[in-house]
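Engineer: Pasting a structure below so you can have a look.
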Amino acid sequence: MRKEKSNKHNKKTKTGAFLKIALVFSLLLIAVLSAALVYVTVQSPVNVITGTGKILTGRSGIRELSYSYYKKGRGKKLLTPYEDHGLGTGMMCEVIVPYGECTDGAEESNSSDPLYSPLARGTVDRVLSVAGTAEQPVYVLESGVKINDEYIKITDPAYLMPENTLRYYGSEPVIGGIKLLFETDWAVPVRVTLDPQSYFTGYDNRAFNVTEFSAKYLDIHFSRTVSLDALPDISGLDVVKKCVWIGGEGGGTLRLYLKKSGQFYGYSYELDRNGRFAFVIKKNIRQDATPTVILDPGHGGTDPGAASVDGAVLESLMTLDIANQAAEMLSERGIRVVLTRRDDVFVSLDERALITRKYSPDLFVAIHCDSEETGTAYGTHTFYYKNYSAPLAQSIQKYMAQVYGELYPGDAAADKGTKFYPFAVTRVEECPSVLVECGYLTNESNCAFINSAAGRIKIADAIVRGILEQLNVKF
């Protein structure tokens, strides 16, 4: 009996100890999960940007960008050039970066071209020829574009791909827009353009300067695609009035007619984790009750940017202060603001572009100061890349010109206008994106103005007025 009591007592002791251990483990697990939830809240842009007038640093969550665009294996198995389709073999490539920039395959120049949208990760295409140099080869593809070797994986020989078909899968609302989903046989090259649009050759002999953004429709062209089974539901798109499918040699085009010419606010697309094409078309930002703006103070940290003649005034510090001032002004008016940096730290160009794609804001404004060797140049100009970014550039430049009109009365040279130029941070599709040059630090009088607190407030005020004008928000 004693043994039985003893055994029973031991069982109770062991059971009690086990329960204590389980309780401690549960508490530890809860603590870990709580910490994880806090981390997600801090890192997640959706959770961070809450309420009206919020300012945050866009670099939170940047680590997620390295893998969040495309994950294989969850949806329908797509055809690939690594399996035989009975069409023979040839040199094939696959895009291995989230956004593979490309240019016109018929042009000798390899300069960035706004008429050619980036290819999404996973895109497959046939290589027709190799251009460039041995050190920097450029591949001419069957879809009519050129792409740098750093963006693709070459397989030679690989299996040639068949013609493609698309199937409309559905439409769903997302933050700031509507997502259109299409099933596809394989990851064909896609090209997105806004037409018709008139361009003229201007600054730096570039051919894509815009007097007025006037496009009437958005074309989404799918290479090698012969059919779409059904037109997408666009009832939730307030910038589009109708759509049609246009078949043709080399592929088919989904044309989305804009409700009003010259009113378009950005898009994005990817081959999602389910193997579907996912296109997000932005809604009318002028109807957005809680708009989001990214302000990008140029340079920073180990990259000071331009400097005054004596080296005492640094672009990185001037742009940071202007951006912080503008952020406060916008926040006071109910605008949610994301800053690519709040302090004098280095942020790479790739990070800045990824922050824009991560947050998909309504507008993006990079803030810079200029320099010039002779020290005689002064004034301000604003740059854009996509044609639908021109209206934002024109609004900001209008108010910047007023500031410089007061600084240099009657001097038209101070207003250098709006210009096309392929700056890295403006080469995004998600929203109207511009770069403002706030003045020349190498000019004595211009530098003195920028280096003054009053001058920087006036510059920030002008940028804010231009932004609010585009958002249809009263100053």
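The values are calculated or read from the model by the stated rules, or taken from the named source; none is laboratory data. The structure displayed is predicted, hence computed values, not measured ones. Here the Cβ is made from the backbone with ideal geometry for all residues, glycine too, and neighbour counts use every protein chain on show.
Engineer: With Lys398, Lys416 as the choices, which residue is surrounded by fewer than 24 Cβ atoms within 10 Å (Cβ to Cβ), over 18 Å from Leu330 (Cβ atoms), at pLDDT 95 or above and basic (Lys, Arg)?
Structural biologist: Lys416
Engineer: Of all the strands (runs of 3 or more DSSP E) wholly in region 364-475, which have at least 2 residues that are over 30 Å from Thr103 (Cα atoms) and touching a residue at least 40 places away in the same chain (Cβ under 8 Å)?
Structural biologist: Correct list: 433-440.
Engineer: Out of the residues in region 225-261 that are modelled with pLDDT under 95 and within 24 Å of Gly144 (Cβ to Cβ), which is nearest to the chain's Cα centre (by Cα)?
Structural biologist: Gly250
Engineer: If you take the residues in region 141-166 that are among the hydrophobic types (A, V, I, L, M, F, W, C) and buried (at least 19 other Cβ atoms within 10 Å of the Cβ), which one is nearest to Gly86 (Cα to Cα)?
Structural biologist: Residue satisfying both the conditions and the ranking: Met161.
Engineer: When you look at Val337, is it part of a strand (DSSP E or B) and in the same structural domain as Ile457 (by TED's automatic domain parsing), yes or no?
Structural biologist: When the stated conditions are applied, Val337 passes them.
Engineer: Answer with yes or no whether Thr426 is closer than 23 Å to Asp303 by Cα, crowded, with 24+ Cβ neighbours inside 10 Å and among the hydroxyl-bearing types (Ser, Thr, Tyr).
Structural biologist: yes
Engineer: Only one of Val240, Val226, Val313 is among the β-branched types (Val, Ile, Thr), under 30 Å from Asn472 (Cβ atoms) and either in contact (Cβ under 8 Å) with a residue 40 or more places away in the chain or not assigned by TED's automatic domain parsing to the domain that holds Lys458 (or both); which?
Structural biologist: The unique qualifying residue is Val240.
Engineer: When you go through Ile154, Ile147, Ile55 one by one, which is the residue that is at pLDDT 95 or above and within 23 Å of Val428 (Cα to Cα)?
Structural biologist: It is Ile147.
Engineer: Select from region 324-349 the residues that are free of Cβ contacts under 8 Å to residues at least 60 places away in the same chain and touching a helix residue (DSSP H, G or I) at 6+ places or on another chain (Cβ under 8 Å) and write down the one among them that is surrounded by the most Cβ atoms within 10 Å (Cβ to Cβ).
Structural biologist: My answer is Asp344.
Engineer: Moving on. Does region 343-359 include one or more residues that are part of a helix (DSSP H, G or I) and within 20 Å of Glu469 (Cα to Cα)?
Structural biologist: no
Engineer: Return yes or no: is Leu295 touching a residue at least 12 places away in the same chain (Cβ under 8 Å), of a type in the set (A, V, I, L, M) and closer than 25 Å to Val347 by Cβ?
Structural biologist: yes
Engineer: Look at Asp321 and say whether it is assigned by TED's automatic domain parsing to the domain that holds Pro391 and part of a loop (DSSP other than H, G, I, E, B).
Structural biologist: Judged against the criteria, Asp321 is not a match.
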